[in-house]
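Engineer: Once you've had a glance at the structure underneath, I'll fire off some questions.
Every number in this text was worked out from the coordinates using simple rules, so none of it is lab data. Fair warning: this is a prediction, and the values are worked out from it, not measured in the lab. For neighbour counting, all protein chains shown are included, and Cβ atoms are generated from backbone atoms with ideal geometry for every residue, glycine included.
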Amino acid sequence: MADQPPTYGIDAGNQEMVSGSRWPYIRPKDGDRVRFHFLTTGSDPWLVATKFHRIGEGMQARNILCVGSVTRGEEQCAMCDMDSTQGRRAMFGMWLLVDYILHPHDNPDEEGDSWGQKKLMIKLDDGTEKQRSVFMENLTTTLGDESVVPGQVKLLQLPAGRGQIWWSQFSNAWVQSQNLRKHLYELHRTGAGRDDTEYTLNTLKEDPLDESLLEREDIKDLPTIEEVFRGSLSQMPSGNAVMGNDQLDGETQETSSELPKAEPANVGTDDLV
Ligand SMILES: [Zn+2]
């Protein structure tokens, strides 16, 4: 647990401000088993594997999309010149619909609901089975009409892993099924730190995604993963990788001049019809 960064203070705040937190990232913790359907088929823009530049140190480190990589060289990447010595990091992202998460412990939020306890049969390498207690967190979504539906849309973003070990599991799953929507999958994380974390992707069973879900209001307009990744470009350091005050002032002015003008006459018109 010592490796878990704090969620308070300026450093954590800075991370939160710039980390594209508008997207509902799924971040499994040690021991979690995330059970999900892919929303991507594995051959559409809802899954992208590409390269990022890693800029900055420690808590301030950012992954910034290499636009040269994501466009196969069509766009020129300003970071490639600045970052030539650091190398690029392969990462991939995709949209999922998470059905539920099996945790190794009950809900740590004392004011939250208790997660129901279940027994999970685990097959060991020698073929024998072992029982393990898990706690099941069912994920649901409340739609605009206040109806509650099962599953939550999540964005999974992972580094390719050493020797691309994490990426190759997703790649193999697609090679086997040709369409990632056909099965229920589990992503199992073990380890909490940078060096001992492992992710294992398991195909649980044939259980096709109900395609009518693709018309659901929280799913049908999901952006492409490239759009999501391009959000990281707003964190690109300028010039010599130090943000100067002049630059910041300029950006602020630009931003405010782009803000739409208030249109008070139109506010609430719909309510009056
Ligand atoms: Zn680049």
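Engineer: Given the range 78-162 reduced to its alpha-carbon atoms as identical point scatterers, what log10 I(q)/I(0) does the Debye formula return at q = 0.14, 0.15, 0.18 Å⁻¹?
Structural biologist: Normalising to I(0) and taking log10 leaves -0.80, -0.85, -0.98.
Engineer: Another question, then. Is the C-alpha gyration tensor of the range 23-98 telling us rounded, prolate or oblate? Criteria: a/c under 1.5 is rounded; beyond that, a/b larger than b/c is prolate, otherwise oblate.
Structural biologist: Oblate shape, in that a/c is at least 1.5 and b/c is the bigger or equal ratio.
Engineer: Tell me, what is the FRET efficiency for Thr142 and Gln164 to the nearest 0.05, using R0 = 25 angstrom and their Cβ-Cβ distance as r?
Structural biologist: In this case the efficiency is close to 0.10.
Engineer: Need one number: the % of Cα-Cα pairs in the range 11-159 sitting beyond the 26 Å mark.
Structural biologist: Working: 5025 of 11026 pairs.
Here the tail beyond 26 Å accounts for 46 percent of pairs.
Engineer: Can you pick out the pairs among Lys51/Lys205; Lys119/Lys220; Lys29/Lys119 whose Cα atoms lie more than 30 Å from each other?
Structural biologist: Working: Lys51/Lys205 32 Å; Lys119/Lys220 35 Å; Lys29/Lys119 19 Å.
Long pairs (Cα-Cα over 30 Å): Lys51/Lys205; Lys119/Lys220.
Engineer: For Arg230 and Leu214 in one chain, what is 0.36 nm times their gap in residues minus the Cα-Cα distance, to one decimal in nm?
Structural biologist: Contour length minus Cα-Cα distance gives 3.4 nm.
Engineer: By count of other Cβ within 10 Å, fewest leading, how are Asp195, Asp30 ordered?
Structural biologist: On the way: Asp195 7, Asp30 17.
Ascending Cβ contact count within 10 Å gives the list Asp195, Asp30.
Engineer: Can you sort Ile10, Ile26 by how many other beta carbons sit within 10 Å, fewest first?
Structural biologist: Numbers: Ile10 8, Ile26 19.
Lowest count first: Ile10, Ile26.
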